[in-house]
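Take a look at the structure below.
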């Protein structure tokens, strides 16, 4: 039986490997036919930013974002990417700079996902 997985990412993909871990875990679950929700909270909202070259950023970030964008294209309807709207607004994340298909949401909405999911993983710094 196929299941669902909710992954909450708190940490900034610039400073930790949480973003890479979340994307690779999502890739593995999707390949097995599971549904996956990635939810960015606090600095985890940067997971939803489109890959953009920037001399100040570690090269891991655009690579993680590019991989996530490819997964969104490869698994439409099976992979959801949501970020906390308040955290995004506080950090200056705007819809035009987000991966297509990524959406602003809320922590209360994430709670509904957790309740519906078979498993939930929280990645904190």
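The values are calculated or read from the model by the stated rules, or taken from the named source; none is laboratory data. Since the structure is predicted, the reported quantities are computational estimates derived from the model, not experimental observations. Please note: Cβ atoms are built from the backbone with ideal geometry, for glycine as well, and neighbour counts cover all protein chains shown.
Among (1) modelled with pLDDT under 90; (2) surrounded by 17 or more Cβ atoms within 10 Å (Cβ to Cβ), which single condition is residue 53 missing?
(2)
Report whether or not residue 13 is surrounded by fewer than 20 Cβ atoms within 10 Å (Cβ to Cβ) and either in contact (Cβ under 8 Å) with a residue 24 or more places away in the chain or farther than 27 Å from residue 2 by Cα (or both).
Spelling it out, it is not the case that residue 13 is surrounded by fewer than 20 Cβ atoms within 10 Å (Cβ to Cβ) and either in contact (Cβ under 8 Å) with a residue 24 or more places away in the chain or farther than 27 Å from residue 2 by Cα (or both).
Out of everything in the range 4-19 that is modelled with pLDDT of 90 or more and more than 14 Å from residue 41 (Cα to Cα), what residue ends up being nearest to the chain's Cα centre (by Cα)?
Among those that are modelled with pLDDT of 90 or more and more than 14 Å from residue 41 (Cα to Cα), it is 5.
Please determine, by comparing only the residues of the range 1-26 that are in contact with a helix residue (DSSP H, G or I) (Cβ under 6 Å, 6 or more places away or on another chain) and outside any loop (DSSP other than H, G, I, E, B), which one is nearest to residue 74 (Cα to Cα).
23
Conditions tested, residue by residue: (1) touching a helix residue (DSSP H, G or I) at 6+ places or on another chain (Cβ under 7 Å); (2) at pLDDT below 95.
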| position | (1), (2) |
| --- | --- |
| 69 | no, yes |
| 75 | yes, no |
| 80 | no, no |
| 84 | yes, no |
| 92 | no, yes |
| 97 | no, yes |
| 102 | yes, no |
| 105 | yes, no |
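Criterion first (farther than 18 Å from residue 5 by Cα and in contact with a strand residue (DSSP E or B) (Cβ under 7 Å, 6 or more places away or on another chain)) does residue 65 satisfy it?
Answer is yes for this residue.
I'm checking my understanding of the structure. Among residues of the range 69-86 that are touching a strand residue (DSSP E or B) at 6+ places or on another chain (Cβ under 7 Å) and in a helix (DSSP H, G or I), which one is farthest from residue 27 (Cα to Cα)?
Among them, the one singled out is 85.
Of all residues being without any contact (Cβ under 8 Å) to a residue 40 or more places away in the chain and in a helix (DSSP H, G or I) in the range 99-113, which is surrounded by the most Cβ atoms within 10 Å (Cβ to Cβ)? Just the residue, please.
Per the stated criteria, the residue is 109.
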